[in-house]
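Inspection log for the structure reproduced underneath, given as structure tokens.
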Amino acid sequence: MEELQIDFGGEESVSGRPEIGPGTLIDATARLSPQSYVGNNCRIGPGVVFEGYVLVANDCTIGADAYLRDTVLSGSVRVGIQASLTGCYVAAGATIGRGAQLVNSLVRRSSIVIEPGAAVAGATPVLPKPDIR
């Protein structure tokens, strides 16, 4: 099985601070790495930790005590409380449930829900097929 690799390239922020878009609210207890970029109108909850290169597009919500490392979230993604994402790409509109653990994973279907407590490593999450009528 081929491992998902995300190459963020580039260099660290010259200022040593993450880039934050307008309208974004970040709890005072959140810790964001200097290589982080957070888009417009996002909400970052208490105790959230970003390590490495983390890109959060516009209109995302990250719940309390979530952990993101070397991860990309497309627009309008919801990450639940205590969820953990390492080396992941998450498509626009997806929801990552409370306490879900994703490692080197690709969530490529928009508006999909990863169930609370799910554990996925090194693959596209196995999800139920949509009911097409």
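The values are calculated or read from the model by the stated rules, or taken from the named source; none is laboratory data. Since the model is a prediction, treat every value here as computed from it, not as a measurement. Reconstructed Cβ throughout: ideal geometry from the backbone, glycine too, with neighbour counts over all protein chains shown.
Could we say that Thr29 is at pLDDT 95 or above, among the polar types (S, T, N, Q), touching a strand residue (DSSP E or B) at 6+ places or on another chain (Cβ under 7 Å) and farther than 14 Å from Thr86 by Cα here?
Spelling it out, it is not the case that Thr29 is at pLDDT 95 or above, among the polar types (S, T, N, Q), touching a strand residue (DSSP E or B) at 6+ places or on another chain (Cβ under 7 Å) and farther than 14 Å from Thr86 by Cα.
For region 83-103, does any single residue satisfy the condition of being β-branched (Val, Ile, Thr), within 18 Å of Val120 (Cβ to Cβ) and crowded, with 22+ Cβ neighbours inside 10 Å?
Going residue by residue through region 83-103, those that are β-branched (Val, Ile, Thr) are 86, 90, 95-96, 103.
Then keep just the ones that are within 18 Å of Val120 (Cβ to Cβ); that gives 86, 90, 95-96, 103.
Going one step further and asking which of them are crowded, with 22+ Cβ neighbours inside 10 Å, we end up with 90, 96.
Within region 83-103, one or more residues are β-branched (Val, Ile, Thr), within 18 Å of Val120 (Cβ to Cβ) and crowded, with 22+ Cβ neighbours inside 10 Å.
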Consider Arg109 against the criteria (1) in contact with a Cys (Cβ under 9 Å, 6 or more places away or on another chain); (2) over 17 Å from Glu51 (Cβ atoms): it satisfies all of them except one. Which criterion is unmet?
-> (1)
Any chance region 111-123 includes a residue that's modelled with pLDDT under 85, over 22 Å from Cys42 (Cβ atoms) and over 15 Å from the mean Cα position of the chain (by Cα)?
-> yes
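For Val49, indicate whether it is buried (at least 18 other Cβ atoms within 10 Å of the Cβ) and modelled with pLDDT of 95 or more. Explain how you work it out, then say what you get.
Details: buried (at least 18 other Cβ atoms within 10 Å of the Cβ): no; modelled with pLDDT of 95 or more: yes.
So Val49 fails the test.
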